[in-house]
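A short worksheet on the structure shown next.
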Amino acid sequence: MKKKNNLLNKTLAFLLSCGMLLAMAGCGSSASSSASSTASSASASTAQSSSQSADETTSGEKLRIGLVQLMDHPSLNEIRDSFIAGMAELGYDESKVEYDLQNGQNDPTILNSIAQKFVGDDVDLIVAIATPAAQSMAAATSDIPILFSAITDPVYAGLVQSLDAPGGNITGTSDAIPVESIFQLADELTPGIQSYGLLYNAGESNSQSVIAQVKEYLDSKSIAYTEATVTNSSEVQQAALNLVTQCDAIFSPIDNTVASAMPALATVAIENGKPVYVAADSMVNDGGLATVGISYTNLGKETAEMAVEILEGGDPATIPVRTLSEFSRVINPDTAAALGITVTE
């Protein structure tokens, strides 16, 4: 619209100039009048053509989506890729949408800078993958719609008032997992576990929420547990070395810090004959024994459906948070073999 107004202003200025020149000429001869009339007609035609061009440019502008993920990790990458693919399937391909893809590198300072960039660019929608990323975006704006993905407990994280009625400019999809189902699977694969080591980053609200559920479950079953918290991925290996001497098995929630060092955790656990149960299939792929989890591809597609709803006028405040209801058992056969565990069909 700014381009259109500038063109119209310039055209009006030109016509006024022509009018002043005609007045000074005192209306001259008929040939002069004819020439002036032709010039005015040409100017009007040019203005109309420019106006139409501006309108076409405006109507053809792409929607801008700022997409930020906490870090580079298989699960988060899977959500990102399936989200973009899902948007295309719903009619919002690269001809209609321009993405600003950002990686927070698991650094709060970088996440805050990305948030300020999105706000400064006045993007049409912000998509944030993982809890810390969503929290940084939510702190930066209350005007731009925000859509989160892979938030285990968005209420506990302070992002929404409730799952059914978020109440602000933010909603999204949750990767909440059935805690009881994971431990029931553990009882089948490695029966007789008397103590668990709980490994997580206490600074991640999604981990805090799941660990609270785990403690409640283990207490109800009179199963002992020992906690080991880390603040960065470099501490995971040492924490694992401490836990394997104190417990029969290790559990880690969907914790971004632990996930980034999962191969190191798996190596320590396997060398000491201890199973590691996790809450994300990617962590199983990286050496964990097993989980009961969701499909992150499906989560990305669900997030895309919500994005379209918002872009077409939906209000995040009244769009309920979506939680997947389909779960699957994921077991790493190599890890099972290394631990001497037989897995049946």
- Are any residues in the stretch 243-273 in contact (Cβ under 8 Å) with a residue 40 or more places away in the chain and over 24 Å from the mean Cα position of the chain (by Cα), and if so, which ones? Leu243, Val244, Gln246, Cys247, Asp248, Ala249, Ile250, Phe251, Leu265, Ala266, Ile270, Gly273
- Considering only the stretch 293-324, state which residues are more than 17 Å from the chain's Cα centre (by Cα) and surrounded by fewer than 23 Cβ atoms within 10 Å (Cβ to Cβ). Glu312, Gly313, Gly314, Asp315, Ala317, Thr318
- Query: Condition test on Ser136, is it hydroxyl-bearing (Ser, Thr, Tyr) and over 24 Å from Thr291 (Cβ atoms)?
  - Reply: yes
- Ser234 being among the small types (Gly, Ala, Ser), under 24 Å from Asn272 (Cα atoms) and in a helix (DSSP H, G or I): yes
- Query: Right, Ile177: more than 22 Å from Pro108 (Cβ to Cβ), in contact (Cβ under 8 Å) with a residue 24 or more places away in the chain and crowded, with 21+ Cβ neighbours inside 10 Å or not?
  - Reply: yes
- Task: Find the residue count for the stretch 304-345, including only residues that are of a type outside the set (D, E, K, R), closer than 27 Å to Gln184 by Cα and assigned to a helix (DSSP H, G or I).
- Result: 5
- Ser181 being under 23 Å from Ser75 (Cα atoms) and of a type in the set (Gly, Ala, Ser): yes
- Task: Return yes or no: is Tyr217 more than 20 Å from Gly288 (Cα to Cα) and hydroxyl-bearing (Ser, Thr, Tyr)?
- Result: yes
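Values in this text are rule-based calculations from the coordinates and carry no lab data. The shown structure was predicted, so the numbers you read here are calculated from the model rather than taken from an experiment. When we count neighbours, we look across all protein chains shown, and the Cβ atoms used for this are built from the backbone with ideal geometry, even at glycine.
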